[in-house]
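Here the structure is laid out as structure tokens; the discussion comes afterwards.
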Amino acid sequence: MVEFVKRRDYMLERLNAIPGVTCPKPGGAFYLYPNVSSYFGKVYQGTPVNNATDMANLLLEVAEVAVVPGIAFGGDDFIRLSYATSMENIKEGIDRIEKFLSELA
């Protein structure tokens, strides 16, 4: 369980350090729900990001990071990320998300 706490805390710190992303500390499970709505209305190479589904699709296609749009859980401002994976995968995934978000105009 200590490893999951380390992974969760690492992801929380990294996500909350990305400009425009806010992520509350979860109460349970192995998921984080960062709010990415500050990026809605931005564009990636001609493709608009209007909601969490657009964000999830672009993250998968461009950054090769799989996330679940928050609309599936009642909140379209969020994406769902799991920390039930290795720290190496978490670091790589957050690096890719951060890079992708920095490229939105």
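Structure notes:
- Of all residues in segment 92-105 being in contact (Cβ under 8 Å) with a residue 40 or more places away in the chain and of a type outside the set (Val, Ile, Thr), the one that is surrounded by the fewest Cβ atoms within 10 Å (Cβ to Cβ): ALA105
- Lone unmet requirement of (1) touching a Cys at 6+ places or on another chain (Cβ under 9 Å); (2) modelled with pLDDT under 95 for TYR33: (2)
- All conditions in (1) over 19 Å from ARG7 (Cα atoms); (2) in a helix (DSSP H, G or I); (3) over 12 Å from the mean Cα position of the chain (by Cα) hold for ASN89, with the sole exception of (1).
- Hits in segment 59-79 - residues which are touching a strand residue (DSSP E or B) at 6+ places or on another chain (Cβ under 8 Å), part of a loop (DSSP other than H, G, I, E, B), at pLDDT 95 or above and surrounded by fewer than 20 Cβ atoms within 10 Å (Cβ to Cβ): ASP77
Condition check ((1) without any contact (Cβ under 8 Å) to a residue 24 or more places away in the chain; (2) in contact with a helix residue (DSSP H, G or I) (Cβ under 8 Å, 6 or more places away or on another chain)) across all residues:
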position	(1), (2)
MET1	yes, no
ARG7	no, yes
LEU12	yes, no
PHE30	no, yes
TYR33	no, yes
VAL65	no, yes
PHE73	no, no
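- Test: GLY28 is of a type in the set (Gly, Ala, Ser), under 16 Å from GLU103 (Cα atoms), in a loop (DSSP other than H, G, I, E, B) and out of contact with any Asp or Glu (no Cβ under 8 Å at 6 or more places or on another chain): no
- The residues of segment 41-57 that are in contact (Cβ under 8 Å) with a residue 24 or more places away in the chain and in a strand (DSSP E or B), listed by number, are LYS42, VAL43, TYR44, VAL49.
The values are calculated or read from the model by the stated rules, or taken from the named source; none is laboratory data. Quick caveat: nothing in here was measured; it's all calculated off a predicted structure. Methodologically, a virtual Cβ is constructed for each residue, glycine included, from the backbone with ideal geometry; neighbour enumeration extends over all protein chains shown.
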